[in-house]
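Below is one structure, written out as structure tokens; comments come after it.
Read-outs: derived from the displayed coordinates by stated rules, not from any lab. As the structure is a computational prediction, the values presented were derived from the model and not from experiment. Cβ coordinates were reconstructed from backbone atoms using ideal geometry, including for glycine residues, and neighbour counts include every protein chain displayed.
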Ligand code: AP5
């Protein structure tokens, strides 16, 4: 299965991508996690991306398209993948089309901006494996420690409310038009992202099977 997850920052794409990945045994391909990893390792890409990311801006298309092309060529993507955070602009979607990828579904998680700003302040992520938690809605078994790998949980720099507001502005301007782009293909499914996590997972699986 080849999927795209769309939605505003903090709409729950990463959370649902983890459940889908487990159920269908396909890798989750998160451009955000890949860029953060590059940043941590201080690679050329990481250094290039840092200022954009910290300011809540998108990293230039050509950089992200290059990363995705390389990643999707990996053996583990042969039977499918979940794109979480890509594409985020029309040129990125066009680049994906040019790669000849036949998508099965595009799922869009809808959450109003006010709810997003409240949600982001409680997000904690694993500094080592990138798994995502929430201080209220998705607590780890032990406070501050990742259930999956035992590393420390940290708050993302770009989850500061002012940066979240800028990320939302960029989302509405550059990413939201992708809903129309994929609606035209008949593959777009809308999921209400305001429910509790388990209910959204159920709705997501139903959307994938219809
Ligand atoms: P990226 O890491 O992709 O961030 P994002 O899309 O802005 O989205 P998030 O990961 O913040 O949110 P999410 O929807 O995955 O929500 P989550 O499940 O974590 O990108 C970061 C940056 O990298 C970008 O700003 C850009 O600079 C760069 N970048 C990345 N891709 C790029 C691209 N293609 N082109 C250019 N630049 C790119 O949920 C959020 C929180 O809410 C969590 O704590 C979670 O536990 C909680 N939660 C989830 N569901 C619920 C629920 N139903 N109820 C209550 N809480 C919930």
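Can you bin every Cα-Cα distance in segment 111-210 into 5 Å intervals starting at zero and give me the percent of pairs per bin, rounded to whole numbers?
2, 11, 16, 17, 20, 18, 11, 4, 1
Taking only the C-alpha atoms, wrap a convex hull around segment 10-75 and report its volume per residue in Å³ as a whole number.
In segment 10-75, the Cα convex hull volume per residue is 103 Å³.
Can you tell me the FRET efficiency between residue 103 and residue 62 if r is taken as the Cβ-Cβ distance and R0 is 25 Å, rounded to the nearest 0.05?
That pair, residue 103 with residue 62, gives E of 0.70.
Considering all alpha-carbon pairs of segment 28-115, what whole percent are spaced by more than 22 angstrom?
In whole percent, the long-distance tail amounts to 31.
Binning every alpha carbon pair distance of segment 1-159 at 10 Å from zero, what are the percents per bin?
Per 10 Å bin, starting at zero, the Cα-Cα P(r) for segment 1-159 comes out as 10, 38, 40, 12, 0 percent.
Please work out the FRET efficiency for the pair residue 194 and residue 169, using the Cβ-Cβ distance as r and a Förster radius of 30 Å; give the result to the nearest 0.05.
Once the sixth-power term is evaluated, E becomes 0.90.
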